[in-house]
Amino acid sequence: MNDKIIREVVILGGGTAGWMTAALLVKMLGKSINITLVESERIGTVGVGEATIPPILNYNQALGLDEQDFLRETKGTIKLGIQFEDWFRRGESYMHAFGSIGKNFPFCDFHHFWKRSRERGDDSSLWDYSLNYQAAKQNKFGHLAQIPGTSLPGISYAYHFDAGLYAQYLRRYAESKGVKRIEGTVSEVDVKPDNGFIDSLVLEGGQRVGGDLYVDCSGMAALLIEKKLGTGYEDWSHWLPCDRALAVPSAAVKPIIPYTRSIAHEAGWQWRIPLQHRTGNGMVYSSRHWSDDQARDALLASLDAEPLDEPREIRFRTGRRRKQWNKNVVSIGLSSGFLEPLESTSIHLVQSAAIRLVKSFPHAGVCPAEVAEFNRQSRVELERIRDFIILHYKANQRRDSDFWRECERMDIPATLGDKIELFRKTGKVFRDYDDLFTEVAWQQVMIGQGIIPEDHHTIADSLSEAQLADLMSSLRTLIGGTVQKLPDHEAFLPGKPGK
């Protein structure tokens, strides 16, 4: 028998990160490994990740979760996109809507046709051709794989949900499949003297929990990956200057809209996430430009219903752990780094790391080559998401505060600068194989924030002016008619238990 085979996996920390990881590992690898999760009820979780992006459907489906049961248990709602308000200029808004826009042609995205049409006097918005946007603004939703009678894609969606309830839901799932939970707080971490690998966790009271592989889901405390192994941190705060957040729930507001709102303020931005039973709110801000009291006052003044609690402060430093996997510790969630939740990537990064761990799971012991590839993929993923978030700050024309003026003047990563310049000159944007955000996502944010291409693709000239006008008119009519037939968003939601 190979005594290096990984059989015992210990997850430190519960919350969304811990239980998402535990649930996926037990579903995919439960016949080969034993999983123990150590958490303490005394230690709170950050829990601001309540909005998701479409890949969450793949995760839930991989576990075999029933959608209506999931929505009922997590007080979830549907999310069709994120509306950005006051990001480009005060009083202006746009949406990063999920799904496609218009009709794509071979080798040429639809926005080139829209650009050519605009050059000929058409004043339509790019979002007139987004099924998701039109449905979102009319509070509509229904399962729709394709627009009826066409080959055009239908609705793409994600969820808003209560992250705490989601963690509890996944805990019940994971424990039912054999995950062992231990209540306790770590007092010491023992390492093996020969290689520095983690040997065991010592809990208050003296209990030892040993394993072959450890997953650090201890949040910003990063108890294993940083405090014990000293892995190091790459700071990105020179590109993403916000370093604090305040979170507060407020009473539910009707109608329940099927999209997230991101509202720019003088020194940061505010999220508003509609759930069935309440609204999630928060202010992300720069402590160099706003005091905590200023941020708190701005947040409370902007609520659209009474607060249900006192605002909770979260301090963070944007960046990433230099190695997401170090020795026999894999960090998942906030222990691996922090990117503000501007594009709802927090829960997705837990999901993608857990999936990456399943794909790279060490069988006959930890393999340095496998660890290196895991870390390479993790770095590339975070850097590309980082660039997408920086774009929102850089491409602003707000001149009403030092914060926004500094964002507009800041140097940006060359990878982002090249992408902006290519789009500005040609309208072209390219997605690498493993990019999270699609070409359509980049197009919406750049156009929404005033980066209008100077040119369009020559394929857009293949239609006559009459054909182009007919295409644009037909698409608007088709999308408008499709949205009208969709049910209201709230009619899709499961309502109270037992429905």
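Taking the condition out of contact with any helix residue (DSSP H, G or I) (no Cβ under 6 Å at 6 or more places or on another chain), surrounded by fewer than 20 Cβ atoms within 10 Å (Cβ to Cβ), within 19 Å of Ser474 (Cα to Cα) and not basic (Lys, Arg), does Gln146 pass?
Values: out of contact with any helix residue (DSSP H, G or I) (no Cβ under 6 Å at 6 or more places or on another chain): yes; surrounded by fewer than 20 Cβ atoms within 10 Å (Cβ to Cβ): yes; within 19 Å of Ser474 (Cα to Cα): yes; not basic (Lys, Arg): yes.
Considered against the rule, which asks whether it is out of contact with any helix residue (DSSP H, G or I) (no Cβ under 6 Å at 6 or more places or on another chain), surrounded by fewer than 20 Cβ atoms within 10 Å (Cβ to Cβ), within 19 Å of Ser474 (Cα to Cα) and not basic (Lys, Arg), Gln146 comes out as yes.
Quickly run through region 386-437 and pick out the residues that are under 22 Å from Gln270 (Cα atoms), of a type in the set (Ser, Thr, Tyr) and not in a loop (DSSP other than H, G, I, E, B).
Matches in region 386-437: Tyr393 only.
Table: residues versus (1) touching a Ser or Thr at 6+ places or on another chain (Cβ under 8 Å); (2) assigned to a loop (DSSP other than H, G, I, E, B); (3) not β-branched (Val, Ile, Thr).
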{"site": "Ala136", "(1), (2), (3)": "no, no, yes"}
{"site": "His143", "(1), (2), (3)": "no, yes, yes"}
{"site": "Thr150", "(1), (2), (3)": "no, yes, no"}
{"site": "Tyr166", "(1), (2), (3)": "yes, no, yes"}
{"site": "Arg172", "(1), (2), (3)": "no, no, yes"}
{"site": "Gly178", "(1), (2), (3)": "no, yes, yes"}
{"site": "Asp190", "(1), (2), (3)": "yes, no, yes"}
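Of (1) out of contact with any Leu (no Cβ under 9 Å at 6 or more places or on another chain); (2) over 26 Å from Lys394 (Cα atoms); (3) in the same structural domain as Leu486 (by TED's automatic domain parsing), Gly64 satisfies all except one. Which?
Going through the list (1) out of contact with any Leu (no Cβ under 9 Å at 6 or more places or on another chain); (2) over 26 Å from Lys394 (Cα atoms); (3) in the same structural domain as Leu486 (by TED's automatic domain parsing), Gly64 breaks only (3).
Out of the residues in region 245-277 that are of a type in the set (D, E, K, R) and within 18 Å of the chain's Cα centre (by Cα), which is farthest from Gly76 (Cα to Cα)?
Our first condition is that a residue be of a type in the set (D, E, K, R); within region 245-277, this holds for 254, 261, 266, 272.
Now narrow it down to the ones that are within 18 Å of the chain's Cα centre (by Cα): 261, 272.
Details: Arg261: 16, Arg272: 14 Å.
The residue in question is Arg261.
Being of a type outside the set (A, V, I, L, M, F, W, C) and under 16 Å from the mean Cα position of the chain (by Cα) is the filter; apply it to region 135-176 and report the residue that is farthest from Glu490 (Cα to Cα).
Among residues in region 135-176 that are of a type outside the set (A, V, I, L, M, F, W, C) and under 16 Å from the mean Cα position of the chain (by Cα), the one farthest from Glu490 (Cα to Cα) is Tyr166.
From the list Arg424, Arg431, Arg405, Arg409, which residue is basic (Lys, Arg) and modelled with pLDDT under 95?
Working: Arg424 fails: modelled with pLDDT under 95; Arg405 fails: modelled with pLDDT under 95; Arg409 fails: modelled with pLDDT under 95.
Only one candidate qualifies: Arg431.
How many of the residues making up region 414-447 are among the charged types (D, E, K, R) and under 16 Å from the mean Cα position of the chain (by Cα)? Reasoning before the result, please.
Step one: filter region 414-447 for residues among the charged types (D, E, K, R), giving 418-419, 421, 424-425, 428, 431-432, 434-435, 439.
From what's left, under 16 Å from the mean Cα position of the chain (by Cα): 434-435.
Adding up the residues that qualify gives 2.
For region 204-254, which positions are basic (Lys, Arg) and closer than 30 Å to Ser302 by Cα? Can you show your working first?
Keep residues of region 204-254 that are basic (Lys, Arg), which gives 208, 227-228, 244, 254.
Of everything in region 204-254, those that are basic (Lys, Arg) and closer than 30 Å to Ser302 by Cα turn out to be Arg244, Lys254.
I'm told Val202 meets every condition in (1) closer than 24 Å to Ser40 by Cβ; (2) touching a residue at least 24 places away in the same chain (Cβ under 8 Å); (3) of a type in the set (A, V, I, L, M) except one. Can you identify the failing condition by its number?
Only one criterion is unmet by Val202, namely (2).
If you go through region 200-225 one residue at a time, how many are among the charged types (D, E, K, R) and loosely packed, with under 15 Cβ neighbours inside 10 Å?
Taking region 200-225 and keeping what is among the charged types (D, E, K, R), we get 204, 208, 212, 216.
Among the residues that remain, those that are also loosely packed, with under 15 Cβ neighbours inside 10 Å are: 204, 208.
Of the residues in that region, 2 qualify.
The values are calculated or read from the model by the stated rules, or taken from the named source; none is laboratory data. The structure displayed is predicted, hence computed values, not measured ones. For neighbour counting, all protein chains shown are included, and Cβ atoms are generated from backbone atoms with ideal geometry for every residue, glycine included.
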